[in-house]
Amino acid sequence: MTNNHTPEHLLAEVFGYAGFRGDQRAVIETVLGGGNALVIMPTGGGKSLCYQIPALAMQGTAVVVSPLIALMRDQVATLRAHGIAAAHLSSQQTADEQRNTEGQLVSGELDILYVAPERLLTEGMLRQLDRSAIALIAIDEAHCVSQWGHDFRPEYLRLDALRRRYPNVPRLALTATADARTRDEIAANLFPDGCERFIASFDRPNIRYRVGLKDRPKQQLLAFLRQEHPDVSGIVYCMSRRGTESVADWLAQNGINATAYHAGLESQTRDERQERFLREEDLVVVATVAFGMGIDKPDVRFVAHLDLPKSIEAYYQETGRAGRDGLPADAWMVFGFQDVTRIRQFIADSDAEPERKAIERERLESLLAYCEAPDCRRRGLLAYFGESHPGECGHCDNCLNPPQRWDATQAARKALSAIYRTGQRFGAAHVVDVLLGRPNERISRLGHDQLSTFGVGDEHDKGTWQSILRQLMAAGHIDVDPDGHGGLRLSPSCRPLLRGEQQLYLRRDQPQRPAGGGRRPTEPEAPPDSAAWHQLRRRRREIADAEGVAPYIICHDRSLMALLNQQPQTLAELNEVPGFGHYKCERYGPELLAALKEIELDPAGDDG
Ligand code: ADP
Ligand code: ZN
């Protein structure tokens, strides 16, 4: 390693960054010293540089295992825009393309080669690798090795073959999603020879978390988009395929650039829509969870949930797709009682083993507890992943608008008693009608209008009773009959409450409000909504279109914002802007500097 190949030097020269973040330096040190590293960092934490810098510092080619072609292509385009010799190999390429890349590998022209696992483990590929100099092996999305996770890839279990074949080559495994059990699985499967573990905090400080009541979900979503996120990229998650279509249509009718994505679409349509999402800067994709891994777009400004996700893990992974670039982003969700009943039904109807169903129900309960929590969302989320956070993060809904709490002891006892006296077989709607004393045909047929609890609750309205039932459920005092018909039952933990030995405070539901409250000191600055910004963004898009890449490959929003602030006049000054290494300055510098000059002369833009 010569002097100008030190990690710091490469970081500045090639990537244009001033310093390493978090564990990056320590990971790089380990790999350069010939050791193995297991790297767990949240999305946007900067995992890629952990292997890209050693790849440039070391002799030979770094081989990166990646599970999705879209991910590989994106990484290769990013690296090439930094002037790095990168390529990928997948079975979707023509034989010529593949031979060409293999030739470059063997002759030592490549710094970094991305390969899909099934391709990597073919005998032909391994023979090519035998003839090449391999600097290191990086296994991306390493949680795919976990047989319990939903991204399981059987080929990942066979990657151990690489250790046996190339025992002296250092290896890294990287992922953003790994609880303690998955970490151990990764270590056991990929590093029987040992590894150093680097585990960063899971906190995503730039994401604002918000959970509200579902009322008229489409209108709520539209208002959120119009008030807070006009003309940006985002993802809206819905549970059903039909739901995605109808919400996307509705948004489009209301003037928003939106499209649907789900597993029922032709694969060509799916690819097209994913590609549009990457290239366009204002597309809202309304999707099922099929739209997921492989979406590495840095400037996703919000992730909205119109239906409850399956678990806190799923919620954190889905919302984690927002704000990879570190700029402010929103995780916004609305939910209602019907969601809970529907998911319970779903679990009940599945043909999973009883133990599995019990786990699924527990997961749903944790999620409900999160939704109903009266205190800092961030603390609750991180606690779920075993991490402690002091709370009062200052940019979740509960920190910004602390919910009111009220003494609901009496009301809760009435609700519990209504459930008990009606036989613990009926859903929330029926129980609420009994409490309110609203007669209907079923109530008189069953004689429920004769019960002592009939009409005892007319001091509260229907919404309040629903809120009470939801929160009793989230607190574990009632649960839903596992047969899936939505019947509410008392659980043992409600006894002290029924006997009057315990008081219960509940949060008052409040309408979903705009985040407001201005920027917190810990929150990064958001892109400006100025004419100059939009003009510069448009120029970047034109340069990107001409190159056939996504705009963020030219540079991230953060760098574009720095351009506007720093107003570089020369290439040397441009080199000082974060994200502009040498190659990028030479390649795109002249056009970007010219664009800045134009904007200076005509700040309102030519079509203003
Ligand atoms: P991950 O793979 O962990 O989700 P990436 O490797 O894509 O994250 O990095 C996220 C963003 O942070 C990228 O835009 C990357 O260029 C940027 N980044 C990474 N490391 C640094 C650093 N040391 N200084 C500044 N920006 C960085
Ligand atoms: Zn908070």
To the nearest 10 Å², what's H82's accessible area with a 1.4 Å probe? 20
In region 228-244, whose amide N lies under 11 Å from the spot 7 Å out along Cα-to-Cβ of D282? List them in ranges. 230-233
Unit charges on C-beta of K, R, D, E only; dipole of the chain, Debye: 1720
Average silhouette area of region 300-364, convex hull of alpha-carbon atoms, in square nanometres: 4.8
Of K218/K597; K47/K597; K47/K584; K297/K597; K47/K214, pairs whose Cα-Cα distance is over 32 Å: K218/K597; K47/K597; K47/K214
For the chain, just run the numbers: alpha carbon Rg, then divide by 2.2 N^0.38 Å, N being how many residues it has. 1.08
Once label points are set 7 Å from the Cα along Cα→Cβ at both T409 and R21, what is their separation, rounded to one decimal in nm? 4.9
Can you give me the convex hull volume of the Cα atoms of region 7-199, divided per residue and expressed in Å³? 109
Taking the Cα centre of the chain as the origin and placing charges on Cβ (Lys, Arg +1; Asp, Glu -1), which of L79, G394, G463 is farthest toward the positive end of the dipole? G463
Label point distance in nm, A263-L126, each placed 7 Å from Cα along Cα→Cβ: 3.2
Determine, from the Cβ-Cβ distance of A429 and K357 and an R0 of 22 Å, the FRET efficiency 1/(1 + (r/R0)^6), rounded to the nearest 0.05. 0.35
Quick check on the chain: of the DSSP beta bridges with both residues there, what percent are antiparallel, nearest 5%? 10
Taking Cα pairs closer than 8 Å and at least 6 residues apart, the relative contact order of the chain in percent is 14
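Need one number for region 536-608: average projected area of the convex hull over its C-alpha atoms, nm².
With the hull built on Cα positions only, its mean projection is 4.5 nm².
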Determine ³J(HN,Hα), in whole Hz, for all residues of region 269-280 in sequence, where each value follows from phi through the Karplus function 6.51 cos²θ - 1.76 cosθ + 1.60 and θ = phi - 60°; x replaces Gly and Pro. 4, 4, 4, 4, 5, 5, 4, 4, 4, 5, 7, 8
Given labels modelled 7 Å from the Cα in the Cβ direction, how far is it in nm from I199 to L601? 5.8
Residue by residue through region 38-46, which ³J(HN,Hα) values in whole Hz follow from phi under the Karplus form 6.51 cos²θ - 1.76 cosθ + 1.60 (θ = phi - 60°), with glycine and proline marked x? 9, 10, 10, 9, x, 3, x, x, x
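The values are calculated or read from the model by the stated rules, or taken from the named source; none is laboratory data. None of these values were measured; they are calculated from a predicted model. Heads up, the Cβs are rebuilt from the backbone with ideal geometry, glycines too, and the neighbour counts pull from every protein chain shown. Accessible surface areas use protein heavy atoms only, side chains included; no ligands, DNA or RNA. Shrake-Rupley method; radii C 1.70, N 1.55, O 1.52, S 1.80 Å.
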